[in-house]
Amino acid sequence: MHQITVNRLVVDVVRKDIKNLHLAVYPPNGRVRVAAPLRVDDEAVRLAVISRLAWIKRQQAKFEDQERQSAREHVSGESHYYQGNRYLLNVVYHDAPPKVAIRNKTTLDLFVRTGSDTAQRERVLLVWYRKDLKHMIPPLIVKWEAIIGVKIADWGVKHMKTKWGSCSIEARRIWLNLELIKKPVHCLEFIIVHEMVHLLERHHNDRFIAYMDQFMPQWRFLRDELNRAPLAHATWEY
Ligand SMILES: [Zn+2]
């Protein structure tokens, strides 16, 4: 992949063995990506981008708007997602250590210190999310190590803007996006399997897809579920 700049717009260009040029704009940052046939040069890509500049700007404006709407203040009445379900946030101010609890399968009670601000309330929820996700991961890795026949040396959770997961093949380490805690567990499992399959095949080629079809035949359905709005604030990158 390389980048070209068109009218101050940075465009990722990927050359592939495909018939037609494909242009896409991705959330959350409005990244522009062109997949171009091998025979199409950068000048032709540039012209294609220019001819669709108005559409690109409209898409980017839409994503910017979505980002604004998804900004959370962590006050009572907001919707927050956990393991694929939507919960109503209920903030309780108290003078005791902070905690989070689920009530009646509908409400997320967020207990914070009296006088906590937005950032402090958010941090309490994120700590809880992270702890919970870190709890869910090890049994899934153990399960899939046996099925796939690979060993993971290390794993971690972090916030990533454009990826659900990543795999460092040399270190045999996988990273998982903290946002996965908002998705159904089988989506987390899909990403773990995907990253582990990279230990068998680095690239997203036919061999990789054949492994996915073998180990997790329903993976396309899971991928689509993962990237579906309104949960998606990021699009999983290949
Ligand atoms: Zn991958």
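Under a Cβ-only charge scheme (Lys and Arg +1, Asp and Glu -1), can you give me the dipole magnitude of the chain about the Cα centre, in debye to the nearest 20? Each step should come with its number before you reach the end.
On the way: 38 positive and 27 negative charges, 37 e Å.
Value, rounded to 20: 180 debye.
Can you give me the long-range amide H partners of Val91? Hydrogens built in the peptide plane at 1.01 Å from N, cutoff under 5 Å, separation of 5 or more residues or another chain.
Ser76, Gly77, Leu110
With just the Cα atoms defining each centre, how far is the range 91-162 from the range 27-82? Give it in Å.
28
State the volume of the convex hull built on the alpha-carbon positions of the range 1-135, expressed per residue in Å³ and rounded to an integer.
Per residue, the Cα convex hull of the range 1-135 comes to 161 Å³.
When the helices in the chain are scored as -39500 (n - 2.57) per DSSP H run of 4 or longer and the sum is shared across all residues, what 222 nm value do you end up with, to the nearest 500 deg cm²/dmol?
Mean residue ellipticity, 222 nm, calculated: -12500 deg cm²/dmol.
What nm value, rounded to one decimal, do you get for the distance between Ser168 and Ala44 when each label is placed 7 Å out toward the C-beta?
4.0
Just the Kirkwood number for the chain, please: inverse of mean 1/r across all distinct Cα pairs, in Å, one decimal.
20.2
Give me the percent of accessible area attributable to carbon and sulfur for the range 129-238, probe 1.4 angstrom.
C and S fraction of accessible area: 55 percent.
Rolling a 1.4 angstrom probe over the protein heavy atoms, how many square angstrom per residue are accessible across the chain?
That works out to 56 Å² for each residue.
The values are calculated or read from the model by the stated rules, or taken from the named source; none is laboratory data. Because the structure is predicted, anything quoted here is derived from the model rather than measured. So basically every Cβ, Gly included, is an ideal-geometry build from the backbone, and we count neighbours across all protein chains shown. Surface accessibility is based on the protein's heavy atoms, side chains included, excluding ligands, DNA and RNA. Shrake-Rupley method; radii C 1.70, N 1.55, O 1.52, S 1.80 Å.
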